[in-house]
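Enquirer: Here it is, the structure, as C-alpha cells.
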Amino acid sequence: MSLELWLIFLVVSIAPVISPGPGILFSITNALRYGPKTTILIGCVNAFGILVVALAVGLGLGTLMAASAFAYLALKLAGGAYLVWLGIRIWRDRSAFLVDPGKPSSKPPMRALTAQALAISLTNPKAIVALAALLPPFLNADAPLAPQVWILATTYAVLCAANHVLIAYAGGWLRRFLKAPHRVRAVKRVTGGTFIGFGLALVASGRP
C-alpha cells in the first residue's frame with residue numbers, strides 16, 4: 001500500500017470516527033463519571049473491538065452480513081436491545097453524573113465497563129456496514145489481502161482510540177458544568193434517551 005493511498009484513507013476515516021454514536025456517547029459518560037484515565041483505558045478497549053470488527057469486515061464478514069438476512073437481523077436485534085438496556089440504566093440511575101467537579105465520582109467498575117465497551121463495539125451492524133463501505137476501495141486485489149486489511153483496520157482503530165483520548169480530557173470541563181443539579185438531571189435524561197434512541201433506531205432500521 002502506498003503512502004498516498006494510506007493518507008487518503010486516514011483523512012476519509014476521520015468523519016465516521018468522530019460522528020456521534022453509541023461508542024462516543026459511552027466515552028463521554030465515562031469521562032463525566034470516572035475521569036480521564038478510566039475513559040482512555042476503556043476507550044482503548046472499545047477501539048480494540050473496532051479493530052476486531054474492521055479485520056472481520058476486511059476478511060469477509062461484510063460479505064456474509066450482506067448476504068445473510070438472518071445474520072444481519074440477529075446482530076441488529078442484539079445490538080439494539082443492549083443499547084436500550086444501557087439507556088434505561090442511565091435514565092434510572094440516581095447517582096448518574098452526580099460528580100465532584102474536582103475528581104471522579106466513584107471507583108470505576110473496570111470489568112463491567114470493559115464488557116460494555118466490547119459489547120458496544122462488537123454488536124453494532126452499522127459499524128460493520130460503514131467499514132464494509134469504507135475498506136474495499138482501498139484494497140488492491142493484485143496484492144496480498146491480509147497485510148492491507150491489517151494496516152487499514154489498525155489505522156481506523158487508532159483513530160478511534162485518539163478520539164476517546166480527546167473526549168477523556170474534555171471531561172474536566174464537563175464536570176465543572178455539572179455542578180448544578182438541574183444540569184445533571186438534563187444530561188442524564190439526554191444521555192439515557194439518546195442511548196435508547198440509538199437502540200430503537202437500530203432495531204427499526206432496514207437492511208442497507
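Enquirer: Would you confirm, using the coordinates I've provided, whether A31 is assigned to a helix (DSSP H, G or I) and in contact with a Lys or Arg (Cβ under 9 Å, 6 or more places away or on another chain)?
Expert: yes
Enquirer: Still on this structure, please answer the following. Somewhere in region 66-73, is a residue modelled with pLDDT under 70, more than 21 Å from A146 (Cβ to Cβ), of a type in the set (F, W, Y) and part of a loop (DSSP other than H, G, I, E, B)?
Expert: Within region 66-73, not a single residue is modelled with pLDDT under 70, more than 21 Å from A146 (Cβ to Cβ), of a type in the set (F, W, Y) and part of a loop (DSSP other than H, G, I, E, B).
Enquirer: In this structure, does P125 turn out to be touching a Lys or Arg at 6+ places or on another chain (Cβ under 6 Å) and either at pLDDT 90 or above or not aliphatic (A, V, I, L, M) (or both)?
Expert: yes
Enquirer: So, one more: Could you list all residues from region 50-64 that are modelled with pLDDT of 90 or more and either crowded, with 23+ Cβ neighbours inside 10 Å or of a type in the set (S, T, Y) (or both)?
Expert: Answer for region 50-64, where residues must be modelled with pLDDT of 90 or more and either crowded, with 23+ Cβ neighbours inside 10 Å or of a type in the set (S, T, Y) (or both): I50, V53, A54.
For (1) buried (at least 20 other Cβ atoms within 10 Å of the Cβ); (2) modelled with pLDDT under 70; (3) part of a helix (DSSP H, G or I), each residue gets a yes or a no:
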| residue | (1), (2), (3) |
| --- | --- |
| R94 | no, yes, no |
| L98 | no, yes, no |
| S105 | no, yes, no |
| T114 | no, no, yes |
| S121 | yes, no, yes |
| N140 | no, no, no |
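Enquirer: Now for a separate question. Pick from A153, A168: which is part of a helix (DSSP H, G or I), within 20 Å of the chain's Cα centre (by Cα) and within 14 Å of N30 (Cβ to Cβ)?
Expert: Exactly one of A153, A168 is part of a helix (DSSP H, G or I), within 20 Å of the chain's Cα centre (by Cα) and within 14 Å of N30 (Cβ to Cβ), namely A168.
The values are calculated or read from the model by the stated rules, or taken from the named source; none is laboratory data. The shown structure was predicted, so the numbers you read here are calculated from the model rather than taken from an experiment. As a convention, Cβ positions derive from the backbone with ideal geometry for all residues, glycine included, and neighbour counts pool all protein chains shown.
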